[in-house]
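Report on one structure; see the data block that follows.
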Amino acid sequence: MAIQNNAPVRNARIAAVGAYRPPRVVPNSELVERIDSSDEWIQQRTGIQTRHWAAADESVADMAVKASVTAIARAGLVASDIDTVIFATITYPYQTPSAATEVAQRLGINGVAAFDLSAACAGFSYGVGLANDMIRSGSANNVLVIGAEKISDFIDLDDRATSFIFADGAGAVVITPSAEIGIGPTVMGSDVENREAISMVPSWIDYKPGSNLTDLAWPVIHQEGQKVFRWAVYEVAKVGKQIIENSGLTPADIAAFIPHQANERIIDSLAKSMELPETVMIARDIRTTGNTSAASIPLAMDALLAEHPELHGKNALLIGFGAGLVYAGQVVELPPQPK
Ligand SMILES: CC(C)(COP(=O)(O)OP(=O)(O)OC[C@H]1O[C@@H](n2cnc3c(N)ncnc32)[C@H](O)[C@@H]1OP(=O)(O)O)[C@@H](O)C(=O)NCCC(=O)NCCS
């Protein structure tokens, strides 16, 4: 007997987005002394003016729950309507059980599918692609996709290459079945030849009692800034063009560009290489949010929609890229204005 799947193939869309930024704003001036830098240099090289860092007693899951509650309410749903939780993060401080199960527990939705996704700054776009495919194939109905990070716990404040870049926050979207195609084909891939360009070391095993390593430092994020910059500018632009083409669109059909917020110069370079028309609204949330890895796209989406409500329901190009090196992106119809 042939395997059957009676679920109808259907479409999906982002029904709503929610965001949470921890209250503490950290200006460049607070970081520059330890790395012999300046507010001017950081703004010029990255676009970052300020970022948010969570309080010591505020966890990555705390932030994720807040963003999720907003997204679910804006979608006109209640938590019990969610049947799948996908949590993209690299900073949940437990190997197991997952951050997704903590969120499900705190939302009171026992029984749902729940798992974490480790694709660093591309994690949110991987999650959106996965949620879309799960809904289309009948494996899920209403999917909560979260990107949340508390990277401030894993930053070396004396590292000139990273201390001023990374930040904390949470974003979430609810993805639901829809009549029309609200999420285009996801392009996802990697360049594992550059696997060491961004990393968090040492490993857990290095801390095992009996390990030969002595004088172990707390694991922090490291990166080869120039290598990552060049890769993002050249390789990710090609990915962006592929995403638009795979969706049967041209740059003129895109209303908003919401890339991972890594560096404002990378964002500008990508927009130029992809020949996005000047009418395209470009998310520049990095200026006041910094690089929040998996959280950056939903945070930037929320901020852009707040600033430009006319973008609700319009096409946006999302592209995430980061440690691995990995990338993923898709064209989505931005969620409708919440009722
Ligand atoms: C990190 C980054 C801002 C550094 O900028 P850069 O222009 O590549 O810096 P370089 O390391 O080439 O150094 C250039 C100069 O700035 C200086 N410099 C480096 N870091 C500095 C800092 N934090 N403050 C002030 N000066 C700094 C260097 O000493 C060097 O000076 P010199 O020309 O007198 O020798 C940049 O490489 C970057 O943004 N890369 C991408 C990172 C990223 O997006 N990561 C996340 C991906 S998900």
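The values are calculated or read from the model by the stated rules, or taken from the named source; none is laboratory data. No experiment lies behind these values; they were computed from the predicted model shown. Neighbour counts are summed over all protein chains in view; Cβ atoms, including those assigned to glycine, are modelled from backbone coordinates with ideal geometry. Ligands, DNA and RNA are stripped out before the accessible areas are found, and what is left, the full protein with its side chains, is counted by its heavy atoms. Shrake-Rupley method; radii C 1.70, N 1.55, O 1.52, S 1.80 Å.
A few notes on this one:
- In order along the range 16-26, the Karplus-derived 3J(HN,Hα) couplings, from 6.51 cos²θ - 1.76 cosθ + 1.60 at θ = phi - 60°, round to 6, 10, x, 9, 9, 10, x, x, 6, 9, 10 Hz, and Gly and Pro are given as x.
- Extension gain from residue 203 to residue 94, taking 0.36 nm per residue of separation minus the Cα-Cα distance: 37.9 nm
- Computed E for residue 160/residue 287 - FRET, C-beta separation, R0 22 angstrom, nearest 0.05: 0.60
- Each helix, a run of at least 4 DSSP H residues, gives -39500 (n - 2.57); summed and divided by the residues of the chain, these come to -8000 deg cm²/dmol at 222 nm.
- D_trans [Stokes-Einstein, Kirkwood Rh over alpha-carbon pairs] for the chain, 37 °C, 0.692 mPa s, µm² s⁻¹: 164
- Remark: the chain carries 45 Å² of accessible area per residue (probe radius 1.4 Å; ligands, DNA and RNA excluded).
- Among 298, 259, 277, the largest mean-square fluctuation in a Gaussian network model of the chain (Cα springs under 10 Å) belongs to 277.
- Taking GluC sites (Glu not before Pro) as exposed when their DSSP state is a loop state and no more than 15 other Cβ atoms lie within 10 Å, the longest site-free interval of the chain runs over 1-179.
- Span from the the range 151-181 Cα centroid across to the the range 63-96 one, whole angstrom: 14
- Length gained when the stretch residue 268-residue 78 is fully extended (0.36 nm per residue, less Cα-Cα span): 64.5 nm
- Here the label points at residue 252 and residue 191, each 7 Å from Cα along the C-beta direction, are separated by 3.1 nm in the simple model.
- Once the C-beta distance of residue 3 and residue 226 is scaled by a Förster radius of 45 Å, the resulting FRET efficiency is 0.35 to the nearest 0.05.
- Cα-based Lys proximity count in the chain, under 27 Å, for pairs eight or more positions apart or on separate chains: 14
- The chain: most fluctuating residue of 306, 172, 64 per GNM, C-alpha cutoff 10 Å: 306
- Result for the chain in a Gaussian network model with C-alpha springs under 10 Å: among 314, 227, 241, the largest mean-square fluctuation is at 227.
- Inter-label distance, residue 314 to residue 10: 2.9 nm, where each label sits 7 Å from its Cα along the C-beta direction.
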